[in-house]
Amino acid sequence: YTTLFRSRRAARAHAVPRASTPRPMASQQGEWTTETAGGCPKHPSWAANPQFQIFPTVEGASYTLLLQQHVPAPYHAIGFWLMQADNSSDRKVTLSKSHMVTKTKYKAAGKVSHTVELPLRPGGLPYIVVVSTFEPQLLGRFTLTLTSAEDAAATLIPLQQPEATAADRKSTRLNSSH
């Protein structure tokens, strides 16, 4: 018994679907500003870069992180570092090889991505992604996206900027209300 298709479109409609592909689970918009464009870890201002927590929910699932910058060419050299968090709320202020999970190479491209398998952390502790330009004070908007075919419940949450900056913003709001 043979079925003939009159067109390629009909043949594609009956094709066996491909294995599941990662879908965007979480996406965060961000910006490197004069306060948050700290550059790579060789710069003392590195800790000011935007940071995000990842909370995986499936042991050993594979996750893809995609960092896309929204600046006109020529692009900034961009990359990110993925580390184990010290606790469930604080930003990373130092880079420790013992907490390092993976990193990308810095590339002057519209996007960089990396796929990594993440075990669940004791006590549900998160991982932290620090996104940066290679040199400090290179400004622009970006999107960080987390995908996984195995873990649809994982989350990507932005961490607040350093307390001094948050305190300055609070003070500004209080003063402007007078």
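The values are calculated or read from the model by the stated rules, or taken from the named source; none is laboratory data. No experiment lies behind these values; they were computed from the predicted model shown. We place every Cβ from the backbone using ideal geometry, glycine too, and count neighbours over all the protein chains shown. Areas reflect the complete protein model, heavy atoms only, side chains present, ligands, DNA and RNA absent. Shrake-Rupley method; radii C 1.70, N 1.55, O 1.52, S 1.80 Å.
How high is the FRET efficiency between Ile157 and Gln137 when r is their beta carbon distance and R₀ equals 35 Å, given to the nearest 0.05? So, using R0 = 35 Å, E works out to roughly 0.85. Per the Debye formula on identical point scatterers at the alpha carbon atoms of segment 24-156, with no solvent, log10 I(q)/I(0) at q = 0.12, 0.20 Å⁻¹ is -0.42, -1.16. Taking max minus min of the alpha-carbon positions on each principal axis, segment 94-143 gives extents of 36, 23, 18 Å, largest first.
Given a 1.4 Å probe and the protein chains as shown, Arg91 ends up with an accessible area of around 40 Å².
Within the straight-line cut-off of under 24 Å between alpha carbons, the lysines reachable from Lys42 are Lys92, Lys97, Lys103, Lys105, Lys107, Lys111, sequence neighbours fewer than 8 places apart in one chain being disregarded.
Dipole of segment 61-142 computed with +1 at Lys/Arg Cβ and -1 at Asp/Glu Cβ about the Cα centre; of Phe134, Pro72, Asn87, farthest Cα towards the positive end is Pro72.
For segment 61-127, taking the reciprocal of the average inverse distance between every pair of different Cα atoms yields a Kirkwood hydrodynamic radius of 13.5 Å.
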